[in-house]
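Participant: First the structure, which I've put down as structure tokens, then a few questions once you've had a look.
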Amino acid sequence: MMNTICKLVAGCLFLAGAAGTAARVNVVATTADFGAIAGAVGGQFVSVTVLAKPAEDPHFVDAKPSYILKLNRADLLIEGGAELELGWLPPLLDGARNPKLAAGQPGHMAVAEGLALLEVPADLDRSKGDLHAQGNPHFMTDPENARHAARRIAAGLAAVDPAHQAAYAANLAAWLKQLDAHAAVWRQRLAPFAGARVVAYHDAWPYFARRFGLKMDVFLEPKPGIPPSPAHLAEVIATIKREHLKAIIIEPYQNRRTAETVAAATGARLVDFAQYPGGLKGTDGDYLALFDRLVNNLAAALAAP
Amino acid sequence: MKVRLCWCAAGVAVATLAAAEAPPADNTWSNTLQELNALKQRTEQLEKQVREQVAPAPAAAAGRAYMNAGFDVLLNAGWSTTPDLGLYQPGDHDPSQRGFSLRNAELALDGAVDPYFKAFANLVFKTAPDESTELELEEAYAQSTALPGNLQLKAGRFFAEFGRENNQHPHVWDFVDQPLALNRMFGSDGLRQNGARLSWLTPLPFYTEALLGVFNGQGGDAYSFRNPGDAGPDGVTRLYGHATAARDLRGPGDLLYVPRLATSFDLTDAQTLLLGASAAFGPNDTGPDARTQIYGLDAFWKWKPANAGAGWPFVKVQSEVLWRDFNAGADPAASLPDERLRDWGLYAQVLWGFTRGWVAGLRGDYVAGNSGASAAGNAQRAEAERLSPNLTWYFTEFSKLRLQYNYTHVVANADEQAVWAQLEFMIGAHAAHKF
């Protein structure tokens, strides 16, 4: 208890100190990909808080009361939208009572707006699994969509902090240049595997597959959000064996043991993937470093004999 | 889109026919038909391409309707050693009889009213033992979205924010029934009234919210307050043996006040603690100056690792302690003096989500009261304890199956054992859960 009280007092002092230094734009991002880009584009003028932990399932984040406070004090909220945060963001916003983050205000940004999402269901029918009415929300797995996100985030920052508009524009240009350079390498690295079929646990990677000419249509989940069943896994194993598929991508919050079983039964390799910077070690706060790792990990598995 | 394509196809067909008429050489009907068929095929091909390229508009989507609607049903089935469950399962949404019982089918509606309010309404259907249906307007309230000063106003009919479980809906509960202590203080259906509540998010560096609810405090849903109780064979209404008389509001002091303070800390990235202190003050119907005070403390702790998948694994611990001081007015006709009925109760529960979709739980319940002058009142306020292990299987977020065993001991009554299965299924919008 004493320890907690000490921490609280220290926290108060720290906050008081932080408030004294500079009026940075308080940015809250729901996931670490937006947080990383906001940090790169905002630079010294922003202070970024990310709600979901990098290795956490973004569909099932707990609406912790501490997040209410973070949102209460935010100048800009960046969410993915397209229902990714539907299960936890609304009650947080209710509690936060921050007029800057009201729907339609410049302080509340949904990055998915303006993007053509994949897999928009023709009809809403939950017997097909837990579908997203507005399309697959894992759009940041396509670096081209990260370009869109960076532009939108720069515009969002300029809207809430017009004084530093020029700095945001310059940072954006610099980051996009880096993205271009990295993306050229990624394309080159994966080019030899065009058309390759890759197995995934959850259907989170259609954008990645489309960008790099891969086919990701075999999933350990029988339907989105429905846990793997033995019968379905047997089918997946048969497909992998029949087509000699080489890679099963697995994310930190997915059931690794299930994926390991499938890998052991088929000889396919497990490839560590993560959607969010920090989800793989050494990629904290860096979208480009994360994709370097994803591309290298996947290319290594696909190149295996 | 389809209509336009058809017109295009028709146009192309007519043009082709016209063109075909020009060179009269060896033109036959069969040629024309062949051409038409080819065109038809081509049109179908194009239509197919267009369909594949352009994603169809979704039938409905979040943010595309002015109101979200969800319908959630809890069906109980099971057996108890005693057929008369009133004493052992006092909650209105608890399993109410041997065999099947359906005590909670709720239609939940919510949406933004305008830029200043959001609204929520909950209509609950309950089936009685004779399988007739009761309908109640459980909640209907508006909540402000644009008040300055970190304030928020809620007004309408709603569950008072007292403790943790009182304002949770049954489908959020971790057990098939409500804790005995809550039933003792708030009756069978929770502390729920017409009224208003103001909340303030304090400027402290950790989450701290102060709330004050003001309610009428009347009827069975304000059980310990201006509640007439049940009518006896003589037509006199009594609560805990004391005759009651309806009291009108004589002033603001006769309203029910429910203050609450809640605070929360993230102990680590994986552990969060939520603590609260609540109270409820108001008059009761057993005398012109009779009043009731209820106090409560609640604690909730949750562990969920930073790489949890679909919300699993986790451990949740939750406990509430409640005290009540009920001043019962003198009832000379029944030779009952003016007396203070003091009750207290607590429950503690632990839930372990051990593997995706599965949760094992254990709850202990205790409730007791001092001895009053009325034997009937004492029977209603008997000391009781209950132990409830359970196991829940969440098929998805939209359906679950729960199996629970209850061992209940009520002083001066036979011990009760019951096994309940509960199936939940919901359709429509699934409202996000609070922490």
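The values are calculated or read from the model by the stated rules, or taken from the named source; none is laboratory data. Since we're looking at a predicted model, the values are computed, not measured. All Cβ positions, even for glycine, are placed from backbone atoms using ideal geometry, and neighbour counts span all protein chains on display.
One line per residue, one yes/no per condition, for (1) within 24 Å of residue A:58 (Cα to Cα); (2) at pLDDT 95 or above:
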site	(1), (2)
A:126	yes, no
A:132	yes, no
A:135	yes, no
A:147	yes, yes
A:153	yes, yes
A:172	no, yes
A:175	no, yes
A:187	no, yes
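Participant: Right, another one. Under the condition of being surrounded by fewer than 22 Cβ atoms within 10 Å (Cβ to Cβ) and of a type in the set (Asp, Glu), which residue from region B:192-234 is nearest to residue B:294 (Cα to Cα)?
Facilitator: Among those residues, the one meeting the criterion is B:230.
Participant: Among the listed residues B:344, B:323, B:352, identify the single one that is assigned to a strand (DSSP E or B), farther than 26 Å from residue B:258 by Cα and away from every other protein chain (no Cβ under 14 Å).
Facilitator: B:352
Participant: Against the condition within 14 Å of chain A (Cβ to nearest Cβ), out of contact with any helix residue (DSSP H, G or I) (no Cβ under 8 Å at 6 or more places or on another chain) and over 21 Å from residue B:121 (Cβ atoms), how does residue B:208 come out, does it pass?
Facilitator: Criteria met by residue B:208.
Participant: Right, next: Just give me the residues in region A:65-84 being touching a Ser or Thr at 6+ places or on another chain (Cβ under 8 Å) and facing chain B (nearest Cβ under 9 Å), in sequence order.
Facilitator: A:65, A:66
Participant: Name the pairs: first residue in region A:192-213 and closer than 23 Å to residue A:257 by Cα and in contact (Cβ under 8 Å) with a residue 40 or more places away in the chain, second residue among the polar types (S, T, N, Q) and not in a loop (DSSP other than H, G, I, E, B), Cβ to Cβ under 7 Å, at least 6 apart or on different chains?
Facilitator: A:204/A:141; A:205/A:141
Residue-by-condition table, conditions (1) polar (S, T, N, Q); (2) surrounded by 22 or more Cβ atoms within 10 Å (Cβ to Cβ); (3) modelled with pLDDT of 95 or more:
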position: A:59; (1), (2), (3): no, yes, no
position: A:67; (1), (2), (3): no, yes, yes
position: A:84; (1), (2), (3): no, yes, no
position: A:95; (1), (2), (3): no, yes, yes
position: A:103; (1), (2), (3): no, no, no
position: A:111; (1), (2), (3): no, yes, yes
position: A:116; (1), (2), (3): no, no, no
position: A:119; (1), (2), (3): no, no, no
position: A:123; (1), (2), (3): no, no, no
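Conditions tested, residue by residue: (1) over 26 Å from residue B:360 (Cα atoms); (2) among the polar types (S, T, N, Q).
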{"residue": "B:296", "(1), (2)": "yes, no"}
{"residue": "B:306", "(1), (2)": "no, no"}
{"residue": "B:314", "(1), (2)": "no, no"}
{"residue": "B:318", "(1), (2)": "no, yes"}
{"residue": "B:330", "(1), (2)": "yes, no"}
{"residue": "B:334", "(1), (2)": "yes, no"}
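Participant: Continuing with this model, one more query. Which numbered condition trips up residue B:269, out of (1) modelled with pLDDT of 95 or more; (2) over 26 Å from the mean Cα position of the chain (by Cα); (3) within 14 Å of chain A (Cβ to nearest Cβ)?
Facilitator: (1)
Participant: Could you tell me which of the residues A:112, A:55, A:116, A:102 is of a type outside the set (Val, Ile, Thr) and more than 9 Å from every other protein chain (Cβ to nearest Cβ)?
Facilitator: A:112
Participant: Read through the list (1) farther than 22 Å from residue A:84 by Cβ; (2) within 14 Å of chain B (Cβ to nearest Cβ); (3) free of Cβ contacts under 8 Å to residues at least 40 places away in the same chain, then give the number of the only condition that residue A:297 fails.
Facilitator: Tallying (1) farther than 22 Å from residue A:84 by Cβ; (2) within 14 Å of chain B (Cβ to nearest Cβ); (3) free of Cβ contacts under 8 Å to residues at least 40 places away in the same chain, residue A:297 fails exactly one: (2).
Participant: Among what's in region B:235-266 and is of a type in the set (A, V, I, L, M) and within 14 Å of another protein chain (Cβ to nearest Cβ), pick the residue that is nearest to residue B:334 (Cα to Cα).
Facilitator: Checked region B:235-266; the qualifying residue nearest to residue B:334 (Cα to Cα) is B:261.
Participant: Can you name every residue in region A:120-139 that is at the interface with chain B (Cβ under 8 Å from one of its Cβ atoms) and either touching a residue at least 40 places away in the same chain (Cβ under 8 Å) or of a type in the set (S, T, N, Q) (or both)?
Facilitator: Answer for region A:120-139, where residues must be at the interface with chain B (Cβ under 8 Å from one of its Cβ atoms) and either touching a residue at least 40 places away in the same chain (Cβ under 8 Å) or of a type in the set (S, T, N, Q) (or both): A:130, A:133, A:134, A:135.
Participant: Another one. What number of residues within region B:395-435 satisfy the criterion of being within 14 Å of chain A (Cβ to nearest Cβ), out of contact with any Lys or Arg (no Cβ under 9 Å at 6 or more places or on another chain) and outside any strand (DSSP E or B)?
Facilitator: Summing the residues that are within 14 Å of chain A (Cβ to nearest Cβ), out of contact with any Lys or Arg (no Cβ under 9 Å at 6 or more places or on another chain) and outside any strand (DSSP E or B) in region B:395-435 gives 7.
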